[in-house]
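Asker: Sharing a structure below in structure tokens format, with a few things to ask.
The values are calculated or read from the model by the stated rules, or taken from the named source; none is laboratory data. All values reported here derive from a predicted model rather than from experimental measurement. Don't worry about glycine lacking a Cβ; one is built from the backbone with ideal geometry, like all the others, and counts go over all protein chains shown. When the accessible area is computed, the model is the full protein with side chains, heavy atoms only, and any ligands, DNA or RNA have been set aside. Shrake-Rupley method; radii C 1.70, N 1.55, O 1.52, S 1.80 Å.
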Amino acid sequence: MAAVDGMTTMTTTTTEPIGISNLPNQRHRISSRNVANFTLMVVGESGTGKTTLINTLFRTELASPKNYAQRHTAQLDKSVDVDVIHAELEEKQFRVNLTIIDTPGFGDFVNNRDCWAPLVDFIDDQYEAYMRQEQQPVRKQMVDRRVHACLYFIAPTGHTLKPLDIETMKRLSTRVNLIPVIAKADTLTPRDLAIFKERIREVIRLHGIRVFAPPVDAIDEASAEHARSLMASMPFSIIGSNKDVRTRDGRVVRGREYLWGVAEVENEHHCDFKKLRSLLIRTHMLDLITNMEELHYENYRQTQMETRKFGEPKVKKVENPRFKEEEEALRRKFTDQVKLEEGRFRQWEQHLIAERDRLNKDLETAHGAIKQLEAEIEAMQMSARAPRR
């Protein structure tokens, strides 16, 4: 028994069950009746296998394959699109409203300046929409489109992260649960893949990029060890495939067939697909949702409430790509004009310095001539005085 702030708290252990231990079962029944929401964003360059991995993760064709032969026509738009795919999945009478946020056009341009802005704006807009619903008197049937996790696809170059990857991951990691994955890991040898992973981890540590870390259970050692193994495998190396192939020993597996053999999707010796699926769905989906609500959404909500009055709309910066191009052209023109004027100023300054040197030299010459004339005058005066004596 303990007294806290005038209240008495007593801890006892019942000898006979009264039903408290059934609370998890009650929560399970309530959760089974309600439909859960999960929103997953996939970010990466075209051709890194985003669509294939999503279909492999959920074992159904949620997204249709893209026609990459037409992606070069989008170069004229110079903008990153945000495609939203909705699906309802059911397993053992439990339903999940799944939302996939795809980002076609990301990293496909020669000039990828600010290409992360549409992604950041989309995440912030979902937080803003949910916060506005929370401020309403009636809050039934709230629509929750907040992004719970973001898979960032890293091209399997074997070198390190690109500057675009670093900048985008830094901006996304402050707003969403970021999970980096190495796409098409079957294109790298095991040794090259291990070196590539270590280089990526070093860059992530160096730039302070916050990657989602599953909580380590202090009671359940098996769960804690599983969480530590997931963190040790990050960034996850993945292989995506929608086809079943037959291995040399006769097994039918999901994978990719090559001349040298089969790269199996669910073989942990080949890739980290099973670990990624465990993190996203089987063991840590609730942790992703909770971390989004308690960390990222609360940070956004706190920032907005500190800078805005209650009910005041968010000031949104309107940007037009055409205006941005004109602004960039004007900036270049201004820079060129400044450089031209600086060149003219340097020429004028050099001319002034040369003129000053010439005048100083003329002055020294005149001064020498005056000194010589004074000496001649003094000599003449002395010679004129000598005969008089």
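Asker: Exactly one condition in (1) free of Cβ contacts under 8 Å to residues at least 40 places away in the same chain; (2) in a helix (DSSP H, G or I) is not met by residue 143; state its number.
Answerer: (2)
Asker: Do you know which residues across the range 278-290 are touching a residue at least 12 places away in the same chain (Cβ under 8 Å) and open to solvent by 20 Å² or more (accessible area, probe 1.4 Å)?
Answerer: Filtering the range 278-290 for residues touching a residue at least 12 places away in the same chain (Cβ under 8 Å) gives 278-281, 283-285, 287-289.
Those that are touching a residue at least 12 places away in the same chain (Cβ under 8 Å) and open to solvent by 20 Å² or more (accessible area, probe 1.4 Å): 281, 283, 285, 287, 289.
Asker: Right, another one. Checking residue 186 against (1) surrounded by 14 or more Cβ atoms within 10 Å (Cβ to Cβ); (2) modelled with pLDDT of 90 or more, which single condition isn't satisfied?
Answerer: (2)
Asker: Also, quick follow-up: All but one of (1) under 28 Å from residue 272 (Cβ atoms); (2) modelled with pLDDT of 85 or more; (3) not in a strand (DSSP E or B) hold for residue 98; state the number of the condition that does not hold.
Answerer: The one condition residue 98 does not meet is (3).
Asker: Please specify each residue of the range 211-249 satisfying the condition of being farther than 25 Å from residue 51 by Cα and basic (Lys, Arg).
Answerer: Matches in the range 211-249: 228, 248.
Asker: Collect the residues in the range 287-327 that are out of contact with any Asp or Glu (no Cβ under 9 Å at 6 or more places or on another chain), modelled with pLDDT of 80 or more and either aromatic (Phe, Trp, Tyr) or not assigned by the TED database to the domain that holds residue 114 (or both), keeping them in residue-number order.
Answerer: Result: 297, single match.
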